[in-house]
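Read the structure below first, then the notes.
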Amino acid sequence: MGGILPDSVGAISYQLEKALDEGFGLILTTGGVGAEEKDCTVEALLRIDPSAATPYILKFEPGTGRHAKDGVRIAVGRVGISRIVALPGPTREVKEGLERVLEGLAKDWDKGQIAEHIASGLREKWREHRHEPNHAPRKKSS
């Protein structure tokens with residue numbers, strides 16, 4: 001499977017259900033977990049598993065900037081033997097999240113333990129990133 005889905009809770013949850021029906025044991029999504037109104041992957045996953053673990057990576061004040069929601073969350077759900085994981089979209093966050101998913105699966109952790117393990121790693125990456133120096137100031141050309 002794969003592909004880009006529209007920013008629609010219904011379309012995303014439909015594709016998740018389809019993957020479950022096809023027998024996928026691990027379903028990973030990337031993107032759509034942010035604080036903008038269009039970000040609805042976590043909500044779609046919650047339709048499939050209402051008890052999914054959805055820890056925050058970042059918290060925001062709703063209404064500031066583009067933030068319609070109070071933060072960025074990831075999600076880990078389970079339906080039968082299948083696991084569903086919603087990760088952020090940026091490549092470095094996907095890599096970090098995926099490493100932690102695999103570690104949690106290898107240790108047979110439950111969805112809450114896996115979700116918190118992913119979220120704690122991504123929170124740490126955000127803290128590190130926030131302290132990285134921005135691009136050096138450009139010299140004015142004469």
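The values are calculated or read from the model by the stated rules, or taken from the named source; none is laboratory data. What you are looking at is a predicted structure, and each value in this text was computed from that prediction instead of being measured. Backbone-built Cβ (ideal geometry, glycine too); neighbour counts: all protein chains shown.
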(request) Go through T64, T30 for me and flag whichever is in contact (Cβ under 8 Å) with a residue 12 or more places away in the chain and of a type in the set (S, T, N, Q). (result) T30
(message) Checking K95 against (1) assigned to a loop (DSSP other than H, G, I, E, B); (2) closer than 18 Å to H129 by Cβ: exactly one of these is not met. Which one?
(response) (1)
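Results for (1) at pLDDT below 95; (2) closer than 23 Å to L102 by Cα, shown as yes or no for each residue.
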residue	(1), (2)
G3	yes, yes
G10	no, no
Y14	no, no
G25	no, yes
V33	yes, yes
E36	yes, no
T41	no, yes
L46	no, yes
S51	no, yes
(request) Just one of (1) without any contact (Cβ under 8 Å) to a residue 60 or more places away in the chain; (2) within 22 Å of I118 (Cα to Cα) trips up L58, so point out which. (result) (1)
(request) Evaluate the range 17-28: report whether one residue or more is under 12 Å from the mean Cα position of the chain (by Cα), assigned to a loop (DSSP other than H, G, I, E, B) and surrounded by 11 or more Cβ atoms within 10 Å (Cβ to Cβ). (result) no
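For (1) among the hydroxyl-bearing types (S, T, Y); (2) in contact with a strand residue (DSSP E or B) (Cβ under 6 Å, 6 or more places away or on another chain), each residue gets a yes or a no:
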| residue | (1), (2) |
| --- | --- |
| L5 | no, no |
| V9 | no, no |
| K38 | no, no |
| T41 | yes, yes |
| S51 | yes, no |
| E61 | no, no |
| A68 | no, no |
(request) Would you check if E36 is of a type in the set (D, E) and farther than 27 Å from D108 by Cβ? (result) yes
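With the condition kept exactly as written, say whether any residue in the range 84-103 is more than 22 Å from G121 (Cβ to Cβ) and of a type in the set (V, I, T).
No, the range 84-103 has no match at all.
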(request) Kindly list the number of the only condition in (1) surrounded by fewer than 18 Cβ atoms within 10 Å (Cβ to Cβ); (2) among the hydrophobic types (A, V, I, L, M, F, W, C); (3) within 22 Å of E116 (Cα to Cα) that fails for A11. (result) (3)
(request) Please determine, by comparing only the residues of the range 118-134 that are at pLDDT below 85 and acidic (D, E), which one is surrounded by the most Cβ atoms within 10 Å (Cβ to Cβ). (result) E128
(request) Considering (1) closer than 23 Å to D7 by Cβ; (2) at pLDDT below 90; (3) not aromatic (F, W, Y), say which one R138 fails and leave the rest. (result) (1)
